[in-house]
Amino acid sequence: MPAKATLKLPRSSSPEIRSVLGVAERLHAMNPEWVVFFREILGIDGVVRRSFRTADGMRAFECSPEYARIKEMLDDLRQRPTAPAAGDREVQRVVTVRMPRSLHESLKNEADDLRVSINTLCIAKLMKLLDAQDRRNLEDMQAASEPAGRPRRAR
């Protein structure tokens with residue numbers, strides 16, 4: 001029977017991880033819009049993807065406490081009201097979503113109750129869904145990397 005490949009996790013104290021977290025902390029301290037932080041740190045051309053180029057490297061980084069801290073910084077910025085200069089704003093893209101009128105009315109009422117736009121509400125819901133999916137993927141990876149026959153700890 002072939003040996004099962006295991007995911008090699010980087011140590012939390014590795015220079016790459018410390019460097020990525022340092023960049024994220026410095027940018028977070030500048031209080032950018034959350035989309036700017038996301039683009040520069042977690043985006044396709046962001047510091048994380050430049051530092052961890054392989055799928056295994058990315059998955060390993062996503063299991064680190066530093067990644068969790070970066071996600072906390074992103075959540076913090078999403079909660080802050082900001083008004084940066086127009087030149088710093090992220091280029092916007094448009095997505096059209098067709099939905100039943102009843103769903104639209106429900107979202108409109110929820111957005112009105114929260115005093116936000118429907119777009120803001122939908123983006124928040126989408127980010128929350130993606131975060132939940134990330135957590136499930138992380139738990140699946142951690143379960144798969146545990147030795148066979150060893151019971152999982154209860155949480």
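Taking every C-alpha pair closer than 8 Å and separated by at least 6 residues, the mean separation divided by the residue count of segment 9-81 gives a relative contact order of 42 percent.
Available extension along the chain between Met99 and Arg53 is 12.8 nm, counting 0.36 nm per residue and deducting the alpha carbon span. Scalar couplings 3J(HN,Hα) for segment 24-33, obtained by applying the Karplus form with A = 6.51, B = -1.76, C = 1.60 to θ = phi - 60°, are 4, 5, 5, 5, 4, 5, 7, 6, x, 4 Hz; x denotes Gly and Pro. Counting every other Cβ atom within 10 Å of each residue's Cβ, Ile70, Ile44 order from fewest to most as Ile44, Ile70. Please compute the modelled spin-label separation between Glu25 and Met141, points set 7 Å along Cα→Cβ, answer in nm with one decimal. Output for this residue pair reads 2.3 nm. Working from label points 7 Å from Cα in the Cα-to-Cβ sense, the Leu107 to Arg80 distance is 2.8 nm. For Lys71, the aspartates and glutamates whose Cα falls under 15 Å of its own Cα, not counting residues fewer than eight places away in the same chain, are Glu25, Glu33, Glu40, Glu62, Asp131, Asp134.
The numbers here are math on the coordinates, done by the rules we state, and not lab data. Because the structure is a prediction, the values reported are computed rather than measured. Neighbour counts run over all protein chains shown; Cβ positions are idealised from the backbone, glycine included.
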